[in-house]
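Asks: Before we start, here is the structure in question, set down as structure tokens.
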Amino acid sequence: MEIAIGIIVSAIAGYLVGCINPSYIIARLKGFDIRKLGSGNAGGSNAVITMGKTIGVFCCLFDIFKCFAVIVLMRDFFPDNPFAYAVTGVACILGHMFPFYMGFKGGKGLASFGGMMLAYDWKLFLLLFVIEVILVVVVNYICVAPITISIGYPIIYAVLSADIAGALIMGIATIAMLCKHIENIKRLKEGTELRFSYFWKKDKEAERARVTENAKKSGSKRVYF
């Protein structure tokens, strides 16, 4: 019974904390819906596009540490519950992706997923962060990070912790994140996905033109900036 209560409380707490979406809230305070501009995503990367690097970085850090904080809190509340870590983390990611007050249309979960990794082992978090940054820079597309890490981390976690049940629970977040990135994968194939270098390069208009032109050639009906 105690384990069941711990799972329920962890799931509720994780989800509600995950629903706190700074990119959406700040954009609303500025008078617009972030989901209708930029990449169409209510997350840190789109906050960079629509509101600048400072706000974007703040949103990313907030999303990381909200997941980290609620996991630490639930583990302290339920120290003997073997599912507290995975359940809280996954619930927080799902809360970020499907917040009730945003019509269940939130972000894509990468930063919150990072917060779950940070709560497990900060050294592993830094190692995987560096690996993903290198990968993103090499391929020049940021969407490869959530796709690869959402698949890779549960496997790494299962190997390091021997917590197969926890890894399987994480698989829920993996499936949700992959589904959220279906459009990104399609745009990669069409050549209409924004390159990572767009976030810092000076000649952004050239990148806009490239994406727009490729969208016309592929017959894509929607282009995000």
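Asks: Just name the residue that is modelled with the lowest pLDDT out of those in the stretch 139-159 that are exposed (fewer than 15 other Cβ atoms within 10 Å of the Cβ) and of a type outside the set (Val, Ile, Thr).
Replies: Only one residue fits best here, namely Asn140.
Asks: Limited to the stretch 139-169, what total is found for residues that are of a type outside the set (A, V, I, L, M, F, W, C), without any contact (Cβ under 8 Å) to a residue 60 or more places away in the chain and assigned to a helix (DSSP H, G or I)?
Replies: First, the residues of the stretch 139-169 that are of a type outside the set (A, V, I, L, M, F, W, C): 140-141, 146, 148, 150, 152-154, 157, 161, 163, 166.
From the residues that got through so far, the ones that are without any contact (Cβ under 8 Å) to a residue 60 or more places away in the chain too are 140-141, 146, 148, 150, 152-154, 157, 161.
If we keep only those that are assigned to a helix (DSSP H, G or I) too, we end up with 146, 148, 150, 152-154, 157, 161.
Residues flagged as of a type outside the set (A, V, I, L, M, F, W, C), without any contact (Cβ under 8 Å) to a residue 60 or more places away in the chain and assigned to a helix (DSSP H, G or I) within the stretch 139-169 amount to 8.
Asks: Turning to a different aspect of this structure: Quick one: would you say Ser218 is of a type in the set (Gly, Ala, Ser), modelled with pLDDT of 95 or more and either exposed (fewer than 15 other Cβ atoms within 10 Å of the Cβ) or closer than 22 Å to Thr50 by Cα (or both)?
Replies: Working: of a type in the set (Gly, Ala, Ser): yes; modelled with pLDDT of 95 or more: no; either exposed (fewer than 15 other Cβ atoms within 10 Å of the Cβ) or closer than 22 Å to Thr50 by Cα (or both): yes.
Here the answer is no, as Ser218 does not meet what is asked.
A quick yes/no check of all residues on (1) at positive phi; (2) part of a helix (DSSP H, G or I); (3) modelled with pLDDT of 95 or more:
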residue	(1), (2), (3)
Phe104	yes, no, no
Lys108	no, no, no
Gly115	no, yes, yes
Val137	no, yes, no
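Asks: Would you be able to say whether some residue in the stretch 41-62 is within 20 Å of Leu168 (Cα to Cα) and either aliphatic (A, V, I, L, M) or touching a helix residue (DSSP H, G or I) at 6+ places or on another chain (Cβ under 9 Å) (or both)?
Replies: So in the stretch 41-62, the residues within 20 Å of Leu168 (Cα to Cα) come out as none.
Checked the stretch 41-62: no residue is within 20 Å of Leu168 (Cα to Cα) and either aliphatic (A, V, I, L, M) or touching a helix residue (DSSP H, G or I) at 6+ places or on another chain (Cβ under 9 Å) (or both).
Asks: Taking only the stretch 30-89 into account, find how many residues are closer than 22 Å to Ile5 by Cα, of a type in the set (A, V, I, L, M, F, W, C) and in a helix (DSSP H, G or I).
Replies: 12
Asks: Would you please name the residue that is farthest from Gly89 (Cα to Cα), looking only at residues in the stretch 1-52 that are without any contact (Cβ under 8 Å) to a residue 40 or more places away in the chain and of a type in the set (D, E, K, R)?
Replies: The qualifying residue farthest from Gly89 (Cα to Cα) is Lys30.
Asks: Here is a check on your reading of the model: is Ile172 in a helix (DSSP H, G or I), touching a residue at least 40 places away in the same chain (Cβ under 8 Å), β-branched (Val, Ile, Thr) and under 22 Å from Ala119 (Cα atoms)? Steps first, answer last, please.
Replies: Details: in a helix (DSSP H, G or I): yes; touching a residue at least 40 places away in the same chain (Cβ under 8 Å): yes; β-branched (Val, Ile, Thr): yes; under 22 Å from Ala119 (Cα atoms): yes.
It is true that Ile172 is in a helix (DSSP H, G or I), touching a residue at least 40 places away in the same chain (Cβ under 8 Å), β-branched (Val, Ile, Thr) and under 22 Å from Ala119 (Cα atoms).
The values are calculated or read from the model by the stated rules, or taken from the named source; none is laboratory data. Not measured: the values here are computed from a predicted model. Cβ coordinates were reconstructed from backbone atoms using ideal geometry, including for glycine residues, and neighbour counts include every protein chain displayed.
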